Structures are given as structure tokens and as C-alpha cells.
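The values are calculated or read from the model by the stated rules, or taken from the named source; none is laboratory data. Worth saying up front: this structure is predicted, and the values here are computed from it rather than measured. As a convention, Cβ positions derive from the backbone with ideal geometry for all residues, glycine included, and neighbour counts pool all protein chains shown.
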Amino acid sequence: MRTMRLLLIPVLIWLAACASAGTGKQLGALEQAQYAYSAAVRWGDLDGAWGQLDPAYKAAHPLTAIERERYAQVQVTGYKPLTSESPGEGLSMRLIEIGVVNRNTMTERTVRYEERWRYDAASKTWVVTSGLPDYWGGR
């Protein structure tokens with residue numbers, strides 16, 4: 001009986017390691033997705049940022065030509081993650097502080113944006129479910 005327990009311990013450790021390896025891969029994929037998304041936002045790559053949004057969100061909120069023009073009028077000067085949390089399996093949230101300059105008026109301001117992420121098991125990628133940053137406060 002004691003021998004059985006001793007043999008069972010390594011098996012349980014191995015199973016736990018295998019279970020966390022999938023989570024580790026998801027976390028690595030999340031970090032890569034967040035890095036790519038933040039780079040797209042920082043450098044004004046609207047199409048790159050739009051490409052990382054949840055397909056369901058994009059279908060419900062298509063980007064209009066006027067909205068594209070509004071995003072072209074701002075330059076991002078800073079992108080700083082403030083907090084990060086994981087409210088559940090396959091979910092992640094980050095509070096971001098973004099500095100933006102209006103290219104027409106040259107006025108700078110800071111906005112806060114809550115990124116919400118979801119792991120899409122079908123495509124094995126993380127997608128943004130909160131939409132693009134709102135630099136205009138809902139206006």
C-alpha cells in the first residue's frame with residue numbers, strides 16, 4: 001500500500017504539471033496578444049488593433065468611415081498598463097492609461113481604457129471584447 005502511494009505521488013505531480021502547461025501556454029499567448037495590441041494602438045495601426053477585436057464585437061459595432069477619420073486625428077503619446085486581473089478562466093482585464101494628442105489642436109490629454117480579453121478556444125487566440133479605446137469620452 002505504501003509503495004502504491006509513493007508511485008501515485010509522481011503521477012499526480014505530472015498530471016498537475018500537464019494541466020498547468022495548457023494554462024501557461026494561454027498566458028504566453030495572452031502576453032503576446034496584449035503586446036501586439038498595445039503596439040498597434042501606440043503606433044496608430046488602426047487595422048492591426050481592429051484585427052484583434054472579437055469577431056462578434058466587430059459584427060455588432062462595425063467601424064464607420066467617420067470613426068476611422070476620428071482615429072486618424074489623434075496621435076498616441078503613451079500607453080501604460082496600470083492594473084491587470086483575471087476575473088475567470090479564459091478572461092483577462094487591464095486598465096490602461098493612454099496619452100493622446102489631437103493633431104488639429106495639438107492639445108494633449110490622458111484617457112483611461114479598460115481592455116477586456118477573452119480566450120477563443122476554437123481559434124486558440126485571445127481577442128479584445130471591449131472594442132477600441134474611446135479617446136473622446138463617448139462623444
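Conditions tested, residue by residue: (1) of a type outside the set (Ser, Thr, Tyr); (2) more than 16 Å from VAL128 (Cα to Cα); (3) part of a helix (DSSP H, G or I); (4) modelled with pLDDT under 90.
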site	(1), (2), (3), (4)
SER20	no, yes, yes, yes
LEU27	yes, no, yes, yes
LEU82	yes, yes, no, no
PRO87	yes, no, no, yes
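When the stretch 30-55 is filtered for residues that are of a type in the set (A, V, I, L, M, F, W, C), part of a helix (DSSP H, G or I) and in contact (Cβ under 8 Å) with a residue 12 or more places away in the chain, the ones remaining, listed by number, are LEU30, ALA33, ALA36, ALA40, VAL41, LEU46, ALA49, TRP50.
For TYR113, are the conditions met, namely being in a strand (DSSP E or B) and over 19 Å from PRO81 (Cα atoms)? No, not satisfied. The set of residues from the stretch 56-90 being of a type in the set (Lys, Arg), over 18 Å from TRP136 (Cβ atoms) and more than 14 Å from the chain's Cα centre (by Cα) comprises just one member, LYS58. Taking the stretch 57-88 as the range and being closer than 29 Å to ALA29 by Cβ and free of Cβ contacts under 8 Å to residues at least 12 places away in the same chain as the test, the residues that pass are LYS58, ALA59, ALA60, PRO62, GLU67, SER84, GLU85, SER86, PRO87, GLY88.
Which residue is nearest to TYR35 (Cα to Cα), if the candidates are limited to the stretch 97-111 and must be surrounded by 12 or more Cβ atoms within 10 Å (Cβ to Cβ) and free of Cβ contacts under 8 Å to residues at least 40 places away in the same chain? Within the stretch 97-111, the match that is nearest to TYR35 (Cα to Cα) is GLU97.
Only residues that are surrounded by 11 or more Cβ atoms within 10 Å (Cβ to Cβ) and closer than 17 Å to ASP120 by Cβ were counted across the stretch 50-84, and they come to 8. For residues in the stretch 91-127 being polar (S, T, N, Q) and within 21 Å of TYR71 (Cβ to Cβ), which is nearest to the chain's Cα centre (by Cα)? Only one residue tops the list, namely THR110.
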